[in-house]
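Undergrad: Handing you a structure now.
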Amino acid sequence: QVQLVESGGGLVQPGGSLRLSCAASGIQFSTFGMGWYRQAPGKQRELVASITDRGSTNYANSVKGRFTISRDNAKNAAYLQMNSLKPEDTAFYYCALFTNPITWGQGTQVTVSS
(Lines give C-alpha, C1' and ligand atoms only; values in the text may rest on other atoms or scores of the structure.)
Protein backbone atom coordinates (compact mmCIF):
# COMPACT_ATOMS: atom_id res chain seq x y z
CA GLN A 1 0.00 0.00 0.00
CA VAL A 2 1.34 3.40 -0.99
CA GLN A 3 1.79 5.78 1.93
CA LEU A 4 3.10 9.33 2.28
CA VAL A 5 3.90 10.76 5.69
CA GLU A 6 4.68 14.44 6.19
CA SER A 7 6.57 15.94 9.10
CA GLY A 8 8.24 19.18 10.08
CA GLY A 9 5.33 21.54 10.45
CA GLY A 10 4.85 23.82 13.41
CA LEU A 11 4.64 27.38 14.65
CA VAL A 12 7.23 29.87 13.45
CA GLN A 13 7.60 33.63 13.61
CA PRO A 14 7.43 35.74 10.46
CA GLY A 15 10.78 35.68 8.70
CA GLY A 16 11.59 32.27 10.09
CA SER A 17 12.20 28.95 8.36
CA LEU A 18 10.80 25.44 8.40
CA ARG A 19 11.68 22.29 6.52
CA LEU A 20 8.91 19.87 5.66
CA SER A 21 9.67 16.25 4.91
CA CYS A 22 7.63 13.65 3.05
CA ALA A 23 8.49 9.97 3.42
CA ALA A 24 7.10 7.55 0.84
CA SER A 25 6.64 3.82 1.15
CA GLY A 26 5.07 1.04 -0.85
CA ILE A 27 5.99 2.43 -4.26
CA GLN A 28 8.95 3.06 -6.57
CA PHE A 29 9.15 6.70 -5.55
CA SER A 30 11.83 7.68 -8.05
CA THR A 31 9.62 7.15 -11.10
CA PHE A 32 7.00 9.72 -10.16
CA GLY A 33 6.87 13.46 -9.97
CA MET A 34 5.57 14.93 -6.79
CA GLY A 35 4.42 18.19 -5.29
CA TRP A 36 3.67 20.13 -2.16
CA TYR A 37 0.21 21.65 -1.81
CA ARG A 38 -1.30 23.83 0.87
CA GLN A 39 -4.78 24.73 1.98
CA ALA A 40 -5.67 27.63 4.22
CA PRO A 41 -9.03 27.88 6.01
CA GLY A 42 -11.75 28.92 3.59
CA LYS A 43 -9.46 28.64 0.56
CA GLN A 44 -8.90 26.09 -2.15
CA ARG A 45 -5.96 23.75 -2.06
CA GLU A 46 -3.12 25.17 -4.15
CA LEU A 47 0.05 23.73 -5.62
CA VAL A 48 3.05 25.37 -3.97
CA ALA A 49 5.91 23.54 -5.65
CA SER A 50 6.50 20.49 -7.79
CA ILE A 51 9.44 18.39 -8.88
CA THR A 52 9.63 15.87 -11.71
CA ASP A 53 11.18 12.44 -11.45
CA ARG A 54 14.31 13.94 -13.00
CA GLY A 55 14.47 16.89 -10.63
CA SER A 56 13.00 19.76 -12.62
CA THR A 57 11.15 22.15 -10.36
CA ASN A 58 8.31 24.64 -10.53
CA TYR A 59 6.98 27.08 -7.95
CA ALA A 60 3.92 29.17 -7.35
CA ASN A 61 4.68 32.85 -7.79
CA SER A 62 3.84 33.49 -4.16
CA VAL A 63 6.74 31.33 -2.92
CA LYS A 64 9.39 31.79 -5.61
CA GLY A 65 12.73 32.72 -4.12
CA ARG A 66 11.62 31.65 -0.63
CA PHE A 67 10.76 27.96 -0.91
CA THR A 68 12.87 25.14 -2.31
CA ILE A 69 11.58 21.69 -3.21
CA SER A 70 13.96 18.75 -3.39
CA ARG A 71 13.93 14.98 -3.36
CA ASP A 72 16.22 12.15 -2.32
CA ASN A 73 15.21 9.07 -4.28
CA ALA A 74 17.62 6.87 -2.34
CA LYS A 75 15.66 7.69 0.81
CA ASN A 76 12.22 7.74 -0.86
CA ALA A 77 11.81 11.24 0.50
CA ALA A 78 11.01 14.77 -0.59
CA TYR A 79 11.45 18.07 1.17
CA LEU A 80 10.18 21.61 1.16
CA GLN A 81 12.56 24.17 2.61
CA MET A 82 10.59 27.28 3.51
CA ASN A 83 12.45 30.49 4.27
CA SER A 84 11.33 34.05 4.94
CA LEU A 85 7.96 32.77 6.01
CA LYS A 86 5.00 35.13 6.03
CA PRO A 87 1.70 34.98 7.91
CA GLU A 88 -0.03 34.27 4.59
CA ASP A 89 1.97 31.03 4.34
CA THR A 90 -0.11 29.69 7.22
CA ALA A 91 -1.91 26.58 5.95
CA PHE A 92 -2.12 22.84 6.09
CA TYR A 93 0.61 21.47 3.84
CA TYR A 94 0.29 18.18 1.95
CA CYS A 95 2.74 16.24 -0.14
CA ALA A 96 1.37 14.46 -3.18
CA LEU A 97 2.82 11.81 -5.45
CA PHE A 98 1.67 12.11 -9.05
CA THR A 99 0.36 8.61 -9.41
CA ASN A 100 -3.04 8.04 -11.08
CA PRO A 101 -4.97 8.91 -9.03
CA ILE A 102 -2.76 11.19 -6.96
CA THR A 103 -1.51 9.79 -3.67
CA TRP A 104 -1.87 12.25 -0.78
CA GLY A 105 -0.20 12.45 2.57
CA GLN A 106 -2.13 13.27 5.74
CA GLY A 107 -0.76 16.81 5.90
CA THR A 108 1.05 18.94 8.44
CA GLN A 109 0.10 22.32 9.87
CA VAL A 110 2.32 25.34 9.32
CA THR A 111 1.48 28.46 11.31
CA VAL A 112 3.39 31.70 10.82
CA SER A 113 2.61 34.12 13.60
CA SER A 114 4.29 36.39 16.08
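Undergrad: Could you run the Karplus curve 6.51 cos²θ - 1.76 cosθ + 1.60 with θ = phi - 60° over the range 56-65 and give me ³J(HN,Hα) per residue in whole Hz, x for Gly and Pro?
TA: 3J(HN,Hα) across the range 56-65, in whole Hz: 6, 10, 9, 9, 5, 4, 5, 10, 4, x.
Undergrad: Related question: Based only on Cα atoms, what mean projected area does the convex hull of the range 4-65 have, in nm²?
TA: The Cα convex hull of the range 4-65, projected and averaged over all directions, gives 5.4 nm².
Undergrad: Taking the chain as a Gaussian network, Cα atoms linked when under 10 Å apart, which of ASN73, ASN61, ASN83 shows the biggest mean-square fluctuation?
TA: Among ASN73, ASN61, ASN83, the largest mean-square fluctuation in the Gaussian network model of the chain belongs to ASN61.
Undergrad: How large, in percent, is the carbon and sulfur part of the accessible surface of the chain at a probe radius of 1.4 Å?
TA: Ligands and nucleic acids excluded, carbon and sulfur reach 46 percent.
Undergrad: Pick from GLY42, GLY65, GLY33: which is most flexible by mean-square fluctuation in a GNM of the chain where alpha carbon atoms under 10 Å apart are linked?
TA: The residue that fluctuates most here is GLY42.
Undergrad: Same structure again: Using only the Cα atoms of the chain, construct the convex hull and provide its projected area averaged over every direction, in square nanometres to one decimal.
TA: Result: a mean projected hull area of 6.6 nm².
Undergrad: Something else: Suppose we flag trypsin sites (Lys or Arg not before Pro) only when DSSP calls them loop and at most 12 other Cβ atoms lie within 10 Å. Which is the longest uninterrupted stretch of the chain?
TA: Value returned for the longest uninterrupted segment is 65-114.
Undergrad: In the chain, with Lys and Arg counted as +1 and Asp and Glu as -1 at Cβ, which of these residues, ALA91, ILE69, MET34, has the Cα nearest the positive end of the dipole, that is, farthest along it?
TA: ILE69
Undergrad: Ok, one more. Leaving out ligands and nucleic acids, and using a 1.4 Å probe, what accessible area per residue does the chain come to in Å²?
TA: Details: 6040 Å² over 114 residues.
For the chain, the solvent-accessible area averages 53 Å² per residue.
The values are calculated or read from the model by the stated rules, or taken from the named source; none is laboratory data. Remember, predicted model here, so these are calculated numbers, not experimental data. Methodologically, a virtual Cβ is constructed for each residue, glycine included, from the backbone with ideal geometry; neighbour enumeration extends over all protein chains shown. Protein only, heavy atoms only, side chains kept; ligands, DNA and RNA dropped before computing areas. Shrake-Rupley method; radii C 1.70, N 1.55, O 1.52, S 1.80 Å.
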